Amino acid sequence: MSNPPPLFAESRRLLVIALPLMGAQLAQMSMGVVDAVMAGNYGYVDLAGVALGGSLFWPVMMLMMGVVQAVTPTVSQLNGAGRHAEIGEVIRQGLWMAVAGGLVGSLLLNNIGPVYEWMDVDPAAAAISIPYLRMCSIGLPALMCFFCLRFLSDGMGWTRPALYISVACLCLKIPLNYVLIYGKFGFPEMGGVGAGLAQAIIMWTQFSLILFVVTRQRFAHTGWTSRFSRPQWSRIKPLVVIGIPIGATIFAEMGLFSLTTILLGRFGAEVVASHNIAMNINGVLFMPALALGMAGTIRIGFRVGAQEIPEARQTAAIAMATTTIIAIAGAALIFFFRDLMVSAYTSDLSVSSLSATLLLFVVFFLLFDAAQATAVGTLRGYKDTRVPMFIALFSYWGVGLPLECTFGFGWLGEPMGVYGFWLGLAFGVGTAAILLSIRLWRVSANHQYIRAMAQH
């Protein structure tokens, strides 16, 4: 048989990397869905409390994870260049970053009460959210170390462990939630707070499982377990230079989503619950785009390391085209089955009605959200993280937040409430999608810039 055309062959390679990541991200996102569904069936106040807790946990966690994510393009470029012996030190220093990030994140989550008071959040929901976050904080250091070691596996192009671990932990999360939320088998009935304790257990489980994976013979040539390394700023600095913009970019987006949830807290638990349901469904269908962006980081990093710079641009184009097709299909799915989707979360009629209406925003919102996620992910493969950070900050906080408040609170006209916030959110994400796509087009064609960045 003749060799397949280069475009087809590269599409296949990208999807081999991306499909396990899609499954892993969907399983990871499904844990949030499980929390929302099980807490929602316990009571909508618990659902609102878990939603508010998640609105702060996820940005803090993703900020720290983003810094550690510098490991992925670094490992993938070293892998592409055949410099495997240098990977071990990257991982050892990355683990020091992970431990530090996890401890800082835990400290923040344990002192979050004043934020709720300042934002005038519904006290009933806050009473669930604060202990929920304290429970989650127990597992954060383990989760950061899990990510560092997972990024070793991902960066080497082996993404299936991420899928297997995520699916196993999702299967464990459901019975843990059942026991701890509803108080079964002699355990206390903890409500939404039980979901937080279950999450902490899951984080430690994830770390244990990935540690088992990356100590196998497959990773021996990287030498990451060959010796102990103390923290060395000269080696950590290049990771920090790449990682801080990644973390800030993720935080800019997640922070806006979370601040939106907190601002909506003053409209009552029903609005927060409805908003959380719509965001959960959007998040599930957003995961394939996020996974394609992560696969783009890995594959483009490898091709840059192998000096296949024109071919790396082809990979970026394939990733963006695939994302567009999947997002359009997802939008159609939401439009036709939104009522059925909402019914899985709640039986409360007012919450169901508002959630289904908000999903109409997602129909138009999803394509932009998917495009920006894949564009920023592929840019990371080139180690281009600084300009995307500024684009994200401008789009989400310079465009999205002001428009949310203007429309939602009626600063220039009649208040639109939750609908105004979603409209502003759509403008922010749309701006990011357009600007990041332009940035990707320009960077992928600039061979001199790509070679210079690869030296860092």
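The values are calculated or read from the model by the stated rules, or taken from the named source; none is laboratory data. Since the structure is predicted, the reported quantities are computational estimates derived from the model, not experimental observations. Positions of Cβ are generated from backbone atoms using ideal geometry, with glycine treated the same way; all protein chains shown enter the neighbour counts.
To keep it simple, each residue is scored yes or no on (1) buried (at least 21 other Cβ atoms within 10 Å of the Cβ); (2) in contact with a Cys (Cβ under 8 Å, 6 or more places away or on another chain); (3) under 30 Å from Pro20 (Cβ atoms).
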position: Ser226; (1), (2), (3): no, no, yes
position: Trp233; (1), (2), (3): no, no, no
position: Pro238; (1), (2), (3): no, no, yes
position: Asn280; (1), (2), (3): yes, no, yes
position: Leu290; (1), (2), (3): yes, no, yes
position: Gly293; (1), (2), (3): yes, no, yes
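Here is the figure for the range 84-114: residues that are farther than 13 Å from Pro141 by Cα and either touching a strand residue (DSSP E or B) at 6+ places or on another chain (Cβ under 9 Å) or free of Cβ contacts under 8 Å to residues at least 60 places away in the same chain (or both) total 6. For the range 140-160, a residue qualifies if it is among the polar types (S, T, N, Q) and in a helix (DSSP H, G or I), and exactly one does: Ser153.
Just checking, does the range 398-405 include any residue being of a type in the set (D, E, K, R) and touching a Gly at 6+ places or on another chain (Cβ under 8 Å)?
yes
When the range 301-335 is filtered for residues that are among the small types (Gly, Ala, Ser), within 20 Å of the chain's Cα centre (by Cα) and within 30 Å of Ala356 (Cα to Cα), the ones remaining, listed by number, are Ala327, Gly330, Ala331. Can you tell me which residue in the range 65-92 is nearest to the chain's Cα centre (by Cα), limited to those that are within 13 Å of Leu149 (Cβ to Cβ) and not aliphatic (A, V, I, L, M)? It comes out as Gln69. Screening Ala142, Ala125, Ala81 for residues that are modelled with pLDDT of 85 or more, touching a Gly at 6+ places or on another chain (Cβ under 6 Å) and of a type outside the set (Phe, Trp, Tyr) leaves exactly one candidate, Ala81. For the range 436-448, give me each residue that is free of Cβ contacts under 8 Å to residues at least 60 places away in the same chain and within 28 Å of the chain's Cα centre (by Cα). Answer for the range 436-448, where residues must be free of Cβ contacts under 8 Å to residues at least 60 places away in the same chain and within 28 Å of the chain's Cα centre (by Cα): Ile438, Trp441, Arg442.
Just need a number here: residues in the range 212-226 that are in a helix (DSSP H, G or I) and β-branched (Val, Ile, Thr). Spell out the reasoning first.
Restricting attention to the range 212-226, the residues satisfying the condition of being in a helix (DSSP H, G or I) are 212-214, 217-222.
Then keep just the ones that are β-branched (Val, Ile, Thr); that gives 213-214, 222.
Selection size over the range 212-226: 3.
So, Ala70, is that one touching a Ser or Thr at 6+ places or on another chain (Cβ under 7 Å) and crowded, with 23+ Cβ neighbours inside 10 Å or not? Answer is no for this residue. Given (1) part of a helix (DSSP H, G or I); (2) aromatic (Phe, Trp, Tyr); (3) at pLDDT below 90, identify the lone condition not met by Tyr345. Tyr345 satisfies every listed condition except (1). Residues that are under 17 Å from the mean Cα position of the chain (by Cα) and part of a helix (DSSP H, G or I) are absent from the range 179-191.
Condition check ((1) surrounded by 23 or more Cβ atoms within 10 Å (Cβ to Cβ); (2) closer than 19 Å to Phe390 by Cα; (3) among the charged types (D, E, K, R)) across all residues:
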site	(1), (2), (3)
Ser229	no, no, no
Ala252	yes, yes, no
Glu270	no, no, yes
Asn276	yes, no, no
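Against the criterion of being touching a residue at least 24 places away in the same chain (Cβ under 8 Å) and under 28 Å from Cys169 (Cβ atoms), Ala269 does not qualify. Can you name every residue in the range 177-197 that is free of Cβ contacts under 8 Å to residues at least 60 places away in the same chain and either at positive phi or surrounded by 21 or more Cβ atoms within 10 Å (Cβ to Cβ) (or both)? Listed by number, the residues that qualify are Leu180, Gly183, Phe185, Gly186, Met190, Gly194.
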